[in-house]
1. Quick one: grab the alpha carbon gyration tensor of the stretch 91-168, order the square roots of its eigenvalues as a ≥ b ≥ c, and give me rounded if a/c is under 1.5, else prolate or oblate depending on whether a/b is larger than b/c.
2. Would you kindly state how much longer the chain becomes between residue 245 and residue 260 on full extension, computed as 0.36 nm times their sequence separation minus their alpha carbon distance, in nm to one decimal?
3. What net charge do the residues around residue 127 carry, taking every other residue with its C-beta under 14 Å from that of residue 127, with Lys and Arg at +1 and Asp and Glu at -1?
4. Residue separation times 0.36 nm, minus the C-alpha to C-alpha distance between residue 94 and residue 126: what's the value?
5. Compute the signed sum of charges (Lys and Arg +1, Asp and Glu -1) over the other residues within less than 12 Å, Cβ to Cβ, of residue 80.
6. Lys and Arg at +1, Asp and Glu at -1: add these up for the other residues within a Cβ distance under 13 Å of residue 47 and post the number.
7. Based on the mean of other Cβ atoms within 10 Å per residue, sort peptides 246-252, 167-173, 48-54 so the most packed one is first.
Amino acid sequence: MSRNSRRSREERARMELYSSQGRDQAVKIDGPLRRGVFLLPATITSIGLLSGFYSMISAVSGHFEVAAVMIVIAFVCDGLDGRIARASRTSSQFGVEYDSLSDVVAFGVAPAMLAYSWALRPIGSLGIGVGGFFVLCSALRLARFNVQTATADKSRFVGLPVPGAAAMIAALVLAYSYFELDSPRTLCTFMVPITLTLGGLMISRVPYPSFKTIKLEKRAQIELVITMMVCAAMLFAMPQLTAFLLAAAYVLSGPWLMIRGERLSAKVSVLRPVAAKPHDANGSAPQPDAARSTRSLRDHQPAQH
């Protein structure tokens, strides 16, 4: 009996030894794996940022179609990085701020430079002003989104999203190339009001559909599946024309919702005062606790612009 009990104790000790070794290996593996998963959304954001930069280089060089395609690539990256971060639970405040800065370049400066180099250059200073207005509105739109993202309606955007406005300019370039048009004067005449309208829609309170509430893991309706299949087939057959139709449909969806009577009320004031930080007896602000800061960054959930 004592021999059996001794054998059982030895087996339990052996099992505890194996389990402790497994935990140590899990800790060793989990660290690099966690860092690798955390870097994936930031890498996708970086690709979008570099795509916007290359779009500007292409626009200056006169390769307008390449510049438009780079904006489309940045658009795809902007949709992927947030979803991957939320799915892998690696969201952080750093990722939110980095994504906003990337959007200013890829969807603010890059499309404005493309519009100027492609269509607005003949009117000189006026074209620079129109492009600058687009950049300014995109930055204001992103700043308002960051302030109101905690209380915003998840099913609606307040104003035209910055990626949507940039995609519209890129789609116009692709459609112009698809129809092989060659009328610089007419192009300049139309692009001035279009660029100003896109900038105004970004800073407006026009409601726009948000696709953040769509759950890909749930079963979709047959109508939605058929629509997605038709759009995919059209993108494969006529990518330039289809991109223009999709972008135009989304830009017009906001005014259509407003015509139907939908309104958005401001839940959070954009210009609300910021509470002053407490100071110690020496007059310096207290340093935040490192563990608390790390935990708050890890628990923060970003939203898609």
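Just so it is clear, none of the values below were taken in a lab; they were calculated from the coordinates. Not measured: the values here are computed from a predicted model. Please note: Cβ atoms are built from the backbone with ideal geometry, for glycine as well, and neighbour counts cover all protein chains shown.
1. Prolate is the answer for the stretch 91-168, as a/c is 1.5 or above and a/b outweighs b/c.
2. Here the segment from residue 245 to residue 260 would lengthen by 3.2 nm.
3. So the surrounding residues net to +2.
4. The span from residue 94 to residue 126 would gain 7.8 nm if fully extended.
5. Once all neighbours under 12 Å are counted, the net charge is -1.
6. Counting the neighbours of residue 47, the net charge comes to -3.
7. 167-173, 48-54, 246-252
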